[in-house]
1. If packing is taken as the mean number of other Cβ atoms within 10 Å per residue, what is the order of 39-50, 113-124, 192-203, highest first?
2. Compute the Rg/Rh shape ratio of segment 190-233: radius of gyration over Kirkwood radius, all on alpha-carbon atoms.
3. Which number comes out as Rg/Rh for segment 87-136 once both Rg and the Kirkwood Rh are worked out on C-alpha atoms?
4. Tell me which aspartates and glutamates have Cα within less than 20 Å of K125's Cα, excluding those fewer than 8 residues away on the same chain?
5. Dipole of the chain, Cα-centred, from +1 at each Lys and Arg C-beta and -1 at each Asp and Glu C-beta, to the nearest 20 debye?
6. Arrange the residues R16, R87 by how much accessible surface each exposes, largest first, with a 1.4 angstrom probe.
7. Mind computing the radius of gyration and Dmax over the alpha-carbon atoms of segment 113-195? Å is fine for both.
8. What are the lysines whose alpha-carbon lies under 29 Å from the alpha-carbon of K73, with same-chain residues fewer than 8 places away excluded?
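The values are calculated or read from the model by the stated rules, or taken from the named source; none is laboratory data. Owing to the predicted nature of the structure, the values given are computational and were not obtained by experimental measurement. Backbone-built Cβ (ideal geometry, glycine too); neighbour counts: all protein chains shown. These accessible areas exclude ligands, DNA and RNA; they are computed on the full protein's heavy atoms, side chains included. Shrake-Rupley method; radii C 1.70, N 1.55, O 1.52, S 1.80 Å.
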Amino acid sequence: MSLLSIEDIVVEFPTRRGPLEAVKNLTLNLEEGQILGLVGESGAGKSITAAAITGLIEPPGYIRAGQILLDGKRIDNLPREQMRRIRGRQIGSIFQDPLTSLNPVYTVGEQLVDTMQVNLGLSKKEARVRGIKWLTDVGIPAPELRFNQYPHQFSGGMRQRVVIALALCSEPKLIIADEPTTALDVSVQAQILALLRRLCREHNTAVVLVTHDMGVIAETADRVVVMYAGRLVEIGDVAQVIKAPLHPYSRGLMNSIPQVGAPAHRLTQIAGAMPGLRNPAPGCAFAPRCSKAMEICSVSRPSITLKGDTRVACFLYEGDEQ
Ligand code: SF4
Ligand code: MG
């Protein structure tokens with residue numbers, strides 16, 4: 001049994017001009033301790049998928065179809081209060097802006113202690129000892145002193161380290177990290193990703209890592225899901241997808257990883273923009289931008305084909321299932 005199973009979910013936003021499907025028939029599994037990257041451009045449905053897992057889809061959006069299971073138990077249809085408890089104990093969150101996760105009026109120590117008292121039932125004294133250990137483990141110098149400081153007294157990178165400590169201190173099985181390093185300086189990004197990876201390995205914590213940056217996936221994830229216009233277009237082992245991306249969109253994302261010594265550019269290799277989610281065209285959503293598009297691509301939608309250990313939704317591979 002997988003730690004997390006997303007089974008054929010559709011996330012819909014009713015609008016005055018009709019329903020808009022932000023995530024379409026998404027199915028994926030995540031195993032214990034595994035780091036799964038969700039990558040794609042803005043609007044691909046990555047963050048909404050993350051929000052669906054944590055029960056935090058902004059109303060009026062909702063999961064219209066499918067189900068989400070954590071440890072074999074359905075979590076997509078739970079009452080709000082029960083889901084809030086799961087978010088505390090079983091699923092931790094790390095967002096782009098550390099200040100979303102930190103309360104400005106409490107010291108970081110108070111926040112760590114409070115979180116562990118509520119979620120692990122520790123005494124204040126035990127929680128304090130563990131809190132200082134967490135600050136040490138996430139690489140914060142002078143942890144005893146920093147324990148008594150407020151979030152605004154930390155730099156952006158140090159604050160994100162505190163957020164990682166806060167997310168992990170409840171010993172969740174799963175962390176949802178949505179663009180955790182996007183707001184940070186490039187020099188700090190790699191350190192934070194390495195830290196997240198090391199700690200999740202040590203604690204056997206699984207991660208769903210949402211990013212628009214294939215470079216982040218390459219450095220951090222074990223498996224990757226490439227999303228485009230609300231759909232999964234490719235899923236496979238990171239090493240494999242990076243070495244030989246199958247879907248033309250994944251290839252474009254790979255080409256957008258800045259090369260050492262070359263000026264950084266993002267997704268500039270893929271001309272055109274993602275189509276709007278309203279009134280989707282009948283064929284493959286990537287067809288207008290795809291240099292490999294064939295006649296069939298604009299009339300019908302490719303289904304998911306297994307190619308080696310990778311699954312890909314593209315007509316280039318249909319028929320040669322291996
Ligand atoms: Fe390109 Fe056709 Fe594959 Fe879509 S299905 S990615 S248009 S080749
Ligand atoms: Mg997003």
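1. 39-50, 192-203, 113-124
2. 1.01
3. My calculation of the ratio gives 0.96.
4. Cα-Cα hits under 20 Å: E110, D114, D137, E144, E171.
5. 520 debye
6. Per-residue accessible area, sorted high to low, gives R16, R87.
7. 13.0, 39
8. Cα-Cα hits under 29 Å: K24, K46, K173.
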